[in-house]
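Just so it is clear, none of the values below were taken in a lab; they were calculated from the coordinates. Because the structure is a prediction, the values reported are computed rather than measured. Positions of Cβ are backbone-derived with ideal geometry, glycine not excepted, and every protein chain shown enters the neighbour counts.
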Amino acid sequence: MCARPVLLTTLLVMIALGSGLSKALAGNATMLFFVEHERGALPRNTRVIVTSKFVRIDDGEDAGDFLLFDCAKRSIFVTNSLDKRILMINARPLELPPPTPFEHRTETGGEGYPGVAGRKVIHYRLFTNSEKCLDGCAAADLLTDAQQALKEYRRALVGEHAVTAQYSPTEFRSVRDLANNIFLPARHLESGFPVRQRDMADARRQLLDYKTGVDVAPGLFALPRDYRRFTLNDMRVR
């Protein structure tokens, strides 16, 4: 088996819709459908919609809560309809120094993995300081636009991840988390588009299906104007 890198915090676990950001062009979206399973939790379905301007992550419901990544602004918005708020995360410089030592390697190999859409699937294993960080399967030259957009999304979170790490005791900063979320946040996307992933906490993600050239409503990429906005820093200073 092969799963998903840990995202910012449980605050970024699929929550959000409305009306506010600039309009997106309909008819040129890629839709990705995943099933995700974390240890001790029931599997959940996740939909990712990628255009040239935005990445939207939700549970498959057009009118539900969602996460929105504005590619040009490198900003992330997470809506919460229960309290009518939007969490805003803006890309920020990485100011956390890497630990010492901090060495990385990728192992590939293994036969018998079925191809996807005629693309060869490879098995990869990511290591930092000899600790296994991620185990995955990726299809080369598959969904390259979505692959690049997800790289940018992951990189936009780096600065905020680093600030969160600085608030954590050193003993809780594992080299796995530092590599996966801060210093090498997109390395699992370097071998192709991930079709299966598993991290060392046994969180798993599998690509179930995808569609390209999908007509999507511009409203899917709009934020509710009546929601109050806040940042993680607002929460830290309380």
Given an 8 Å cut-off on Cα distances and at least 6 residues of separation, report the relative contact order of the chain as a percent. 33
Tell me, what is the percent relative contact order of segment 97-214, built from C-alpha pairs under 8 Å that lie six or more residues apart? 26
Quick check: from the Cα gyration tensor, does segment 50-123 come out rounded (a/c under 1.5), prolate or oblate? oblate
Cβ neighbours within 10 Å, averaged per peptide: list 220-231, 45-56 in order, most packed at the top. 45-56, 220-231
Within straight-line cross-link reach of K120, lysines at Cα separation under 30 Å, skipping those fewer than 8 residues along the same chain: K53, K132, K151, K211
Rounded to the nearest 500, what is the 222 nm mean residue ellipticity of the chain from helices alone, with -39500 (n - 2.57) per DSSP H run of 4+ residues and division by all residues? -3000 deg cm²/dmol
Segment 140-180 to segment 187-238: how many Å between their Cα centroids? 12
Does anything in segment 43-66 have its amide N under 20 Å from the 7 Å Cα→Cβ label point of V35, and if so which residues? 43-49, 58-61
Sorting check: for 57-69, 182-194, 200-212, which peptide has the highest mean count of neighbouring beta carbons within 10 Å, and how do the rest follow? 182-194, 57-69, 200-212
